[in-house]
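What follows is a set of notes on a single structure, which appears directly below.
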Amino acid sequence: MPLVDIQLVEGVFDDAQKRTMIERVTDAMVSVEGEVMRGVTWVRIQEIASGEWAIGGKGLSTGDIKAMRASAG
């Protein structure tokens, strides 16, 4: 049984976006492992509090990530 963890900064994605992630990641795994494994393919979303995820020693806030997404277009 595969288990896929998706870690996100809290508050960046809404519930519908997180459901879409789960569905698409499940579909991707099933495309590799076969349809028979769909029922035992686990996908978990873990949200990390704003500011508790850091890159290069700098904590990222929800606002930082939303700004990155907005600038990406």
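Points to keep in mind about this one:
- Restricting the range 12-55 to residues that are of a type outside the set (Val, Ile, Thr), open to solvent by less than 40 Å² (accessible area, probe 1.4 Å) and not in a helix (DSSP H, G or I) leaves a set whose member that is farthest from Ala67 (Cα to Cα) is Gly34.
- Residue match in the range 42-57 (condition: of a type outside the set (Asp, Glu), more than 16 Å from the chain's Cα centre (by Cα) and on the phi < 0 side of the Ramachandran plot): yes
The values are calculated or read from the model by the stated rules, or taken from the named source; none is laboratory data. As the structure is a prediction and not an experimental result, all values here were calculated from the model. Note: areas computed on protein heavy atoms with side chains; ligands, DNA, RNA excluded. Shrake-Rupley method; radii C 1.70, N 1.55, O 1.52, S 1.80 Å.
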